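Please treat every number below as a calculation from the coordinates, not as lab data. Model, not experiment: these values are computed from the prediction. Note: ideal-geometry Cβ built from the backbone for every residue, glycine included; neighbour counts use all protein chains shown.
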Amino acid sequence: MSDRYLVIVNGSPRKQGNCAVLVERAAVGAQAGGAQVEIFRLADLNIHPCDACDSCQETGICVLQDDMQALYGPLRRADAILIASPIYWFSVSAQTKLFIDRCYALQGTAGNALDGKRFGVMLTYGDVDPYTSGAINAIRMFQDMLRYLEAELVGLVYGSANDPGAIRSRPEVLREAYELGQRLAS
């Protein structure tokens, strides 16, 4: 058993949707690689939008008292972080965007808690193409964001699946999710 700790953030509002399927596969892969895995489902949490007060930039602590407070500790302790989101209207889900905006508190003059962390990203979308679905916008956002944070993008998994659970019919995407979990555990 390794000492690695992987935090998985599921940004889908669907409990049994395609992201949930990929999250489960990645978690199994990470656990097979010896990592301890903790999964957070954003739709179950009450996370408020960032109010741009910038207090966190000096203190490293967000002043908003909501469920995001429960994620800051695990995100700081994690060796790796995996974010999963469906693509809605050419970008990540609203839940995922709220989470990303609130991660602003993890970097600033008080330090960058995400510097050097290993990240994975998994995206699902209804269109058959990552460009016409808007997935490419989310891919580019994660690439730019992680570069800015000086974090490492270990891997991207993305696939088309319109109906809830339909990603199960894409064995290559399921395999990629499992393998990404293993890589994040190593």
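Starting with the fewest neighbours, write out Lys15, Lys117, Lys97 ranked by other beta-carbon atoms found within 10 Å of each beta-carbon. Numbers along the way, then the final one.
On the way: Lys15 11, Lys117 21, Lys97 18.
In increasing order of surrounding Cβ atoms, one gets Lys15, Lys97, Lys117.
From the residues Ala32, Cys103, Thr59, which one has its Cα farthest along the dipole of the chain in the positive direction, the dipole being from +1 and -1 charges on Cβ of Lys/Arg and Asp/Glu about the Cα centre?
Among Ala32, Cys103, Thr59, the one farthest towards the positive end of the dipole of the chain is Ala32.
Taking the number of other C-beta atoms within 10 Å as the exposure measure, put Met145, Met68 in order starting with the fewest. Mind showing how you got there, number by number?
Details: Met145 16, Met68 23.
Lowest count first: Met145, Met68.
Alpha carbon centre of the range 124-166 versus the range 5-50: separation in Å?
So the two Cα centres are separated by 16 Å.
Rounding to the nearest 20 debye, state how big the charge dipole of the chain is about its Cα centre with +1 on each Lys and Arg Cβ and -1 on each Asp and Glu Cβ. Intermediate results must be reported in sequence, preceding the final value.
On the way: 17 positive and 21 negative charges, 89 e Å.
Dipole magnitude for the chain comes out near 420 debye.
Scan the range 118-160 for chymotrypsin sites (Phe, Trp or Tyr not before Pro) in coil per DSSP, keeping those whose Cβ has at most 13 other Cβ atoms within 10 Å, and list them by number.
Working: sites: Phe119, Tyr125, Tyr131, Phe142, Tyr148, Tyr158; in loops: Tyr131.
Those that pass, being in a loop and sparsely packed, are Tyr131.
Could you give me the radius of gyration and the Dmax of the chain, taking only the C-alpha atoms into account and expressing both in angstrom?
15.6, 48
Over all alpha-carbon pairs in the range 88-186, figure out the percentage whose distance exceeds 23 Å.
For the range 88-186, the share of Cα pairs beyond 23 Å comes to 31 percent.
Order of Arg175, Arg41, Arg140 from fewest to most other C-beta atoms within 10 Å?
The most exposed by this proxy come first: Arg140, Arg175, Arg41.
What helices does the chain hold that run 18 Å or longer along their axis, going by alpha-carbon atoms, with a Kyte-Doolittle average of -0.5 or more, using DSSP H for the helix calls?
Working: long enough: 18-32 (21 Å, 0.83); 135-148 (20 Å, 0.16); 171-185 (21 Å, -0.47).
Taking the DSSP H segments of the chain (at least 18 Å long, mean hydropathy at least -0.5), we get 18-32, 135-148, 171-185.
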